[in-house]
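The block underneath contains the structure these notes are about, expressed in structure tokens.
The values are calculated or read from the model by the stated rules, or taken from the named source; none is laboratory data. All values derive from a computational prediction rather than experimental measurement. Heads up, the Cβs are rebuilt from the backbone with ideal geometry, glycines too, and the neighbour counts pull from every protein chain shown. Keep in mind that these areas ignore ligands, DNA and RNA; they rest on the heavy atoms of the full protein, side chains included. Shrake-Rupley method; radii C 1.70, N 1.55, O 1.52, S 1.80 Å.
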Amino acid sequence: MPAPPLDEIDLETEAKQATWTLNFGPQHPATHTTLRLVLELDGERIVKATPHIGYLHSGFEKLGEHLNYNQYVTIADRKNYISPPMNEVAWHHAVEKLLGVELTPRCQYIRVIIGELARISDHLLCTGAAALDLGAFTAFLYSFNLRELIYDIYEEMSGYRFHPGYTRVGGVLYDFNDRVLDRIRKVTASFPKVYADITKLLFRNRIFLDRMRGVGTLSKADAIAMSCTGPIARASGVHVDLRKDAPYLAYPDFDFEVPYCEEGDCWARYMVRMEEMRNSVSIIEQAMAKLPSGPVNLPIAEKLNLPDKATTYNSMEGLIQHFELVMPNRGFETPKDEVYAAVEGPNGELGYYLVADGTEFAWRSRTRPPSFIHFAVFPHIIKDHMLADIVAVLGSLNIIAAELDR
């Protein structure tokens, strides 16, 4: 093959010399996590961004094949570690769909409450850290003060502050007691002031608005084509929310709105999250007002759920079932089937695909995490922006590295 003309080689060399490569992450303070971006820059303008994943090497999905359906909840906790209870609800939602289990009314309400608390916690970190990245440190403190109160609830209901591991097949670890309910009421009562403080600080702040408006715009068509869900899709005008469109648990019992915007920029994503927190508080208040009485776990006759301590210690049937479920080579049987189930997580559709082989261990466990999908959107919406805009766009996408792990 003849060599290309000399002038073409010269042009290519000049074009390459016009840009330079910069590593952004995996330990840059503005990435919040172990993700890495390889940027091709023309001055400070971003010509191309290549995302890299996989710096945790935790093998979350593979662990799903070696831990039973109750044990794996501790691993699911650690994927989106900003809102662990939502991961638990998603995991056991899929397992119970596989088993054909119908939860008790009280359990459904409790799972709705812990899921919405997790959504508030996740959005508080996202909105607070987005402000912090752009220089507004005080808003970060406002949001984290309320998150501490939510962690108090986790600690009271499960004994664990950060990764509660609270749900079980067919139920939850413990029923809510009066102390848990009081702490939940404290969070809902404290939220309006936190919301007001953040809005007064940021919503008319010229620097903050200039850094967010018109930056990282994602069109409605692109959001659909790239499989975006959650606040990122709704900020671009995609009116989809699994709580409304594919109802699960007790969500049909509650009256709430699904906020959305049309602009699709960082500011729109920020506003959607702020309004979602208000709706989550409303759902929690409604659930608290209508919280049903009765058991939180399936009857032990179902042979699926671990009996609580009182049942285990005080009845022969409970002791036998506990023994059967925790001893090796025993446990419950599952259908030989495959299933996919999803919930509306704080960052979008959080789903699990399970292949069951008849044992209480998944033959294959795959997760559909929002961050993995949305990180692929980043190169598209950051192109031709300035280097300083990366922190605003990354913050608005709320990428959690543990969901990127493969």
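Numbers for the structure displayed
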item: Cα pair distances exceeding 10 angstrom across segment 351-391, given as percent; result: 76 percent
item: Segment 127-263: C-alpha gyration tensor shape, a/c 1.5 cut-off, then a/b vs b/c; result: oblate
item: Cα-Cα P(r), segment 205-249, percent of pairs per 5 Å interval; result: 5, 21, 21, 17, 15, 11, 6, 3, 1
item: Apportionment of accessible area to carbon and sulfur, the chain, percent (1.4 Å); result: 56 percent
item: Volume of the Cα convex hull of segment 280-378, divided per residue and given in Å³; result: 154 Å³
item: In degrees, nearest ten, helix 84-99 long axis to first principal axis of the chain (Cα); result: 60 degrees
item: Extreme residue, positive dipole direction of segment 219-264, given options Cys228, Leu242, Tyr260 (C-beta unit charges); result: Cys228
item: Segment Val38-Ala388, length gained on full extension (0.36 nm per residue, minus Cα span); result: 124.5 nm
item: Fraction in percent of alpha-carbon pairs per bin - 10 Å, segment 72-188; result: 14, 43, 30, 11, 2
item: Rounded, prolate or oblate (a/c below 1.5 giving rounded, otherwise prolate when a/b exceeds b/c) for segment 263-303 by Cα gyration tensor; result: oblate
item: Cβ-defined net charge surrounding Val172, 11 Å radius [Lys, Arg +1; Asp, Glu -1]; result: 0
item: Dipole in debye (nearest 20) - the chain, about Cα centre, beta carbon charges: Lys, Arg +1; Asp, Glu -1; result: 820 debye
item: Dipole of the chain, positive direction: furthest Cα of Ser158, Leu404, Thr217, with charges on the beta-carbon; result: Ser158
item: q = 0.12, 0.19 Å⁻¹, segment 327-404: log10 I(q)/I(0) [Debye, one scatterer per Cα]; result: -0.51, -0.85
item: Dimensionless Rg/Rh of segment 327-368 - Kirkwood Rh, Rg from C-alpha atoms; result: 1.10
item: Helix 137-158 axis, angle to the chain major axis (alpha carbon atoms, nearest 10°); result: 20 degrees
item: Options Trp363, Ile207, Ala376, ranked by Cα towards positive dipole end of the chain, top entry (Cβ charges); result: Ile207
item: Whole-angstrom gap from segment 304-322 to segment 34-105, using each part's C-alpha centre; result: 32 Å
item: In degrees, nearest ten, helix 266-289 long axis to first principal axis of the chain (Cα); result: 10 degrees
item: Highest average packing first - 315-325, 121-131, 104-114, Cβ atoms within 10 Å; result: 121-131, 104-114, 315-325
item: Gap separating the Cα centres of segment 157-192 and segment 225-280, nearest whole Å; result: 24 Å
item: Kirkwood-Stokes translational diffusion coefficient of the chain, alpha-carbon pairs, 4 °C, 1.567 mPa s, µm²/s; result: 57 µm²/s
item: Accessible area per residue, Å², segment 24-83 with all protein chains present, probe 1.4 Å; result: 45 Å²
item: Unsatisfied cross-links (Cα-Cα over 23 Å) in the set Lys62/Lys336; Lys244/Lys290; Lys186/Lys290; Lys79/Lys200; Lys220/Lys244; result: Lys79/Lys200
item: Trypsin sites (Lys or Arg not before Pro) restricted to segment 265-340 and DSSP loop, no more than 15 other C-beta within 10 Å; result: Lys290, Lys303, Arg330, Lys336
